[in-house]
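J.: One structure follows; several queries about it will come next.
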Amino acid sequence: MKHLLLFAITILTFSKISAQLPETADRVCPVKVGETIPDIALVTTDNKKSSSLSAIKDKPTVLIFYRGGWCPYCNAHLSDIGMVEDEIIKAGYQVVAISPDEPAQLQNTIDKKELKYTLLSDGDGKFTKAMGIAFKAPDKKWKTNQLQKYSGGKNSGFLPVPSIFILNKKGEILFEYVNPKYSQRMSGELLLAILNNL
């Protein structure tokens, strides 16, 4: 029975990864509160392999998905979260942010925004797609060029819906905020209020 359950979870995860991407951000179907995030390979800023579950196994986690270092709304949001990171840590959580950016671009974002928390690369989007928050990037040449440049050529034309997932150490989702309107982000203050009430 246990093997059958693991097989079913694997099939569901694979089908989410391989399914055709939604055309627009408002058609994504994110994993739900109570579900466990899939364990998929990611890359650290120093080009080492990591995985989604290994990144969150030591501490409950605020998991952020952002579009990339080229996005001004993302940069402002990452900075806002950075301003309250000490309070997030006091509440018992760590912050991990994921984007399609290649490791060198992640490091540029860390340096420019003076971030102390972890940024990880999901250049090919396997994790973002499995989380159900990827959609087709608008068919604009400048956007395609940006995605290719920042991902080191790995991004085949997807964008993540900017999202926040609050996870326990097992990777179970306790809370999520997924907003297709990329200019609207959850403030650091509101995030803290939620963390302190979970």
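J.: Yes or no: residue 82 within 13 Å of the chain's Cα centre (by Cα), surrounded by fewer than 23 Cβ atoms within 10 Å (Cβ to Cβ) and over 20 Å from residue 169 (Cβ atoms)?
T.: Here the answer is no, as residue 82 does not meet what is asked.
J.: Before we move on, is residue 182 over 27 Å from residue 46 (Cα atoms) and in a loop (DSSP other than H, G, I, E, B)?
T.: Considered against the rule, which asks whether it is over 27 Å from residue 46 (Cα atoms) and in a loop (DSSP other than H, G, I, E, B), residue 182 comes out as yes.
J.: Related question: Restricting the search to segment 125-150, which residues are surrounded by 18 or more Cβ atoms within 10 Å (Cβ to Cβ), under 18 Å from the mean Cα position of the chain (by Cα) and touching a residue at least 60 places away in the same chain (Cβ under 8 Å)?
T.: The answer is 126, 127, 128, 129, 130, 131, 132, 133, 134, 135, 147, 150.
J.: If I go through segment 63-76 residue by residue, how many of them are out of contact with any helix residue (DSSP H, G or I) (no Cβ under 6 Å at 6 or more places or on another chain) and surrounded by 23 or more Cβ atoms within 10 Å (Cβ to Cβ)?
T.: 4
J.: Taking residue 150, is it in contact with a helix residue (DSSP H, G or I) (Cβ under 7 Å, 6 or more places away or on another chain) and over 24 Å from residue 44 (Cα atoms)?
T.: Considered against the rule, which asks whether it is in contact with a helix residue (DSSP H, G or I) (Cβ under 7 Å, 6 or more places away or on another chain) and over 24 Å from residue 44 (Cα atoms), residue 150 comes out as no.
J.: Determine whether segment 104-116 contains at least one residue that is farther than 15 Å from residue 42 by Cβ and touching a Phe, Trp or Tyr at 6+ places or on another chain (Cβ under 6 Å).
T.: no
J.: Scan 93, 117 and give me the residue that is surrounded by fewer than 19 Cβ atoms within 10 Å (Cβ to Cβ), of a type in the set (Phe, Trp, Tyr) and at negative phi. Break it down stepwise before answering.
T.: Numbers: 93 fails: surrounded by fewer than 19 Cβ atoms within 10 Å (Cβ to Cβ).
Going through 93, 117 in turn, just one is surrounded by fewer than 19 Cβ atoms within 10 Å (Cβ to Cβ), of a type in the set (Phe, Trp, Tyr) and at negative phi: 117.
J.: Now, a different point. Under 6 Å by Cβ, and 6 or more places apart or on different chains, what pairs join a residue from segment 109-124 that is outside any loop (DSSP other than H, G, I, E, B) with one that is surrounded by fewer than 18 Cβ atoms within 10 Å (Cβ to Cβ) and among the small types (Gly, Ala, Ser)?
T.: Here the result reads 113/79, each pair linking segment 109-124 to a residue that is surrounded by fewer than 18 Cβ atoms within 10 Å (Cβ to Cβ) and among the small types (Gly, Ala, Ser).
No lab work stands behind these numbers, since they all come straight from the coordinates. Since we're looking at a predicted model, the values are computed, not measured. Ideal geometry is used to build each Cβ from the backbone, glycine not excepted, and the neighbour counts take in all protein chains shown.
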